[in-house]
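Notes to accompany the following structure.
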Amino acid sequence: MIFLTEKDIDQAVELFKKGEIIAFPTETVFGLGVLSTKKEYFDELVRVKQRDPNKPFTLMISSLTQVENILDVSIVAKKILDKFSPGPLTVILKAKENIPSYLDLGTGFVGIRIPDSKFILSVLEKLNKPLLVPSANPANLEPAKNDVEAYNYFKDEISAIVKGNSTSNIPSTVIKIDGENVTMLREGSLKLEAILEAIK
């Protein structure tokens with residue numbers, strides 16, 4: 001396990017390309033990321049997080065073009081994402097039929113988030129592929145808020161930790177968009193009223 005700084009963008013990109021897991025700060029809580037391109041990477045993230053393998057992970061992206069081939073990005077979804085992303089918002093969208101099964105796990109939906117964090121956005125742009133990113137904590141424990149807490153949780157179970165602190169320490173707001181229907185699944189700092197106001 002190595003410690004990186006937010007200047008080590010290229011090193012983080014190379015680790016992600018090899019399928020390694022990295023913990024890093026965001027504007028919500030600390031995230032735990034791995035490349036989304038192989039089921040074996042998904043399986044390793046499930047193992048490290050000690051998480052129910054039937055629960056899909058959010059895809060962290062730098063732009064909608066990274067997921068338009070696998071998700072149905074409706075006009076409503078685009079409006080909301082244009083207004084509130086990058087930021088503390090996870091939007092669950094309908095999956096297309098060609099989606100790899102480990103991404104939607106039979107639910108027909110996948111969450112996406114564009115983070116408001118210069119470091120991980122730069123990494124995502126260089127990778128040009130989504131990352132699977134849950135919060136950095138073993139299942140049923142509080143999300144890590146800094147590199148020390150992330151280290152105490154995972155130690156040598158992951159390849160690297162980016163030094164720093166998460167900003168708000170409030171998990172992202174989660175909404176589900178099905179057609180034109182918007183449903184709040186978890187309220188964070190962003191409220192449903194503000195989201196609905198944006199699509200009037």
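Please determine whether any residue of region 161-169 is open to solvent by 70 Å² or more (accessible area, probe 1.4 Å) and in contact with a Phe, Trp or Tyr (Cβ under 8 Å, 6 or more places away or on another chain). Taking every residue of region 161-169 in turn, at least one turns out to be open to solvent by 70 Å² or more (accessible area, probe 1.4 Å) and in contact with a Phe, Trp or Tyr (Cβ under 8 Å, 6 or more places away or on another chain).
Give me the residue from region 60-100 that is polar (S, T, N, Q) and without any contact (Cβ under 8 Å) to a residue 40 or more places away in the chain and, out of that set, surrounded by the most Cβ atoms within 10 Å (Cβ to Cβ). Of everything passing the filter in region 60-100, SER85 is surrounded by the most Cβ atoms within 10 Å (Cβ to Cβ). Considered as a group, the residues in region 35-55 that are farther than 21 Å from ASN128 by Cβ and in contact (Cβ under 8 Å) with a residue 60 or more places away in the chain include one that is surrounded by the most Cβ atoms within 10 Å (Cβ to Cβ), and that residue is LYS49.
Hey, any hits in region 156-163 for a residue that's within 12 Å of the chain's Cα centre (by Cα) and of a type in the set (Ser, Thr, Tyr)? No; the residues of region 156-163 include none that is within 12 Å of the chain's Cα centre (by Cα) and of a type in the set (Ser, Thr, Tyr). Just one of the listed residues (GLU193, GLU197, GLU125, GLU149) is buried (at least 18 other Cβ atoms within 10 Å of the Cβ) and not in a loop (DSSP other than H, G, I, E, B), and it is GLU149.
With respect to ASN140, determine if the residue is free of Cβ contacts under 8 Å to residues at least 24 places away in the same chain and either open to solvent by 40 Å² or more (accessible area, probe 1.4 Å) or small (Gly, Ala, Ser) (or both).
yes
Here LEU32 meets the list (1) part of a loop (DSSP other than H, G, I, E, B); (2) among the aliphatic types (A, V, I, L, M); (3) buried (at least 16 other Cβ atoms within 10 Å of the Cβ) almost entirely, failing just condition (1).
The values are calculated or read from the model by the stated rules, or taken from the named source; none is laboratory data. In this text the structure is predicted, and so the values were computed from the model without any measurement. Quick reminder, even Gly has a Cβ in these numbers, built from the backbone with ideal geometry, and neighbours come from all protein chains shown. Areas reflect the complete protein model, heavy atoms only, side chains present, ligands, DNA and RNA absent. Shrake-Rupley method; radii C 1.70, N 1.55, O 1.52, S 1.80 Å.
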